[in-house]
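The values are calculated or read from the model by the stated rules, or taken from the named source; none is laboratory data. This is a predicted model, so every value here is computed, not measured. All Cβ positions, glycine included, derive from the backbone under ideal geometry; neighbour counts span all protein chains shown.
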Amino acid sequence: MPARLIVNADDFGLTRGINRAVAELHAAGALASATLMANGPAFDDAVAIARANPLLGVGCHVVLTDGSPVSPPEAVPTLIGSDGRNFRPKLAKFLQALIAGRIRAEDIAREALAQIEKLQRAGIAITHLDTHKHTHLFPMVARSLLDVAERTGIRAIRNPFEPDWNRTLGHGGAPRRLAVRALTLLRPAFEAIPQLESSLVRTTAGTVAVSATGSLDAETLVELLRALPEAGDFELCCHPGYNDAELDRVATRLRAHRDIEREALLSRIPQLSALPNVPALISYAAL
């Protein structure tokens with residue numbers, strides 16, 4: 001079987017400008033998948049776009065850091081930061097608490113279920129799960145999510161690890177590349193989780209462009225696409241949007257680059273037919 005590629009836009013529901021970019025790219029044939037933030041300020045707008053585009057695969061972008069819980073804060077106390085209302089605002093603080101054993105698996109599962117059920121109540125047929133800032137790289141998060149996926153009938157999850165061929169391209173800054181390489185040590189534990197080992201929940205052979213987050217321009221995108229193997233299922237993780245006044249009001253490190261990614265995807269993905277090994281563009285529903 002030739003290679004298949006899931007071009008997935010993260011942060012669907014964060015702003016209306018991001019939602020608009022998802023709709024425009026989907027209409028142009030440049031992406032078939034997006035992951036929706038249940039706690040995103042533009043959630044209702046994203047739901048309307050998803051309903052108007054039934055061929056757009058929509059997953060749940062589970063948020064455990066940098067935002068507000070869908071559950072009452074007192075129901076998930078070990079996920080809550082020092083203000084008593086919101087998640088810890090920084091990934092580093094979340095990881096410190098996770099490694100120190102101060103986060104309970106049942107709180108992760110409870111909040112993930114609340115976010116999934118919010119999407120389902122809105123009429124979204126969830127194609128897959130992934131996490132904001134890839135927190136399911138870590139085994140306790142991944143196990144909790146996969147337990148919830150099994151309970152809710154969700155049959156796919158993002159493989160948060162980059163494939164070897166992608167890492168050798170050297171995209172992104174050196175500190176980010178080093179971190180991505182070091183985190184690869186967690187991959188065997190991810191693959192050994194029962195739902196994945198039994199294929200009850202499916203995943204890809206890896207996610208492309210994690211290292212390139214914040215630097216995914218047209219040139220980098222073309223290099224990634226040309227390096228795609230002749231066979232296998234892969235995801236290309238991206239963050240397109242519009243750098244507008246609404247984006248200024250939310251916490252995100254990706255601002256001007258959302259325009260760059262949107263323009264790169266719009267100009268390059270429809271040109272895939274020119275590649276010698278043309279991947280089929282799919283959503284997670286095809287897994």
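Check 251, 205, 192, 212 and return the single one that is on the phi < 0 side of the Ramachandran plot, over 19 Å from the mean Cα position of the chain (by Cα) and of a type in the set (A, V, I, L, M, F, W, C). Being on the phi < 0 side of the Ramachandran plot, over 19 Å from the mean Cα position of the chain (by Cα) and of a type in the set (A, V, I, L, M, F, W, C) holds for just one of 251, 205, 192, 212, which is 192. The helices (runs of 4 or more DSSP H) found entirely in region 166-283 that carry 1 or more residues being at pLDDT 85 or above and farther than 30 Å from residue 143 by Cβ are 218-227, 245-248, 256-268.
For region 243-260, the condition holds for at least one residue, the condition being that it is touching an Asp or Glu at 6+ places or on another chain (Cβ under 6 Å) and β-branched (Val, Ile, Thr). Can you list residue pairs whose Cβ atoms sit under 7 Å apart, with the first residue in region 259-287 being more than 20 Å from residue 22 (Cβ to Cβ) and the second being modelled with pLDDT of 80 or more and assigned to a helix (DSSP H, G or I)? Count only pairs 6 or more apart in sequence or on different chains. What qualifies is 275/225; 275/226.
Here is a check on your reading of the model: is residue 78 touching a residue at least 24 places away in the same chain (Cβ under 8 Å), crowded, with 19+ Cβ neighbours inside 10 Å and of a type in the set (Ser, Thr, Tyr)? Judged against the criteria, residue 78 is not a match.
Of the listed requirements (1) under 21 Å from residue 64 (Cα atoms); (2) out of contact with any Ser or Thr (no Cβ under 9 Å at 6 or more places or on another chain); (3) of a type outside the set (A, V, I, L, M), residue 206 misses just one: (1).
The set of residues in region 230-258 being of a type in the set (Asp, Glu) and free of Cβ contacts under 8 Å to residues at least 60 places away in the same chain consists of 248 alone. Exactly one residue among 210, 148 is in contact with an Asp or Glu (Cβ under 6 Å, 6 or more places away or on another chain) and hydrophobic (A, V, I, L, M, F, W, C), and that residue is 210.
Of the candidates 266, 224, 287, the single residue that is in contact with a strand residue (DSSP E or B) (Cβ under 7 Å, 6 or more places away or on another chain) and closer than 28 Å to residue 125 by Cβ is 287. Of 152, 184, all but one fail to be among the polar types (S, T, N, Q), more than 26 Å from residue 216 (Cα to Cα) and surrounded by fewer than 23 Cβ atoms within 10 Å (Cβ to Cβ); the exception is 152.
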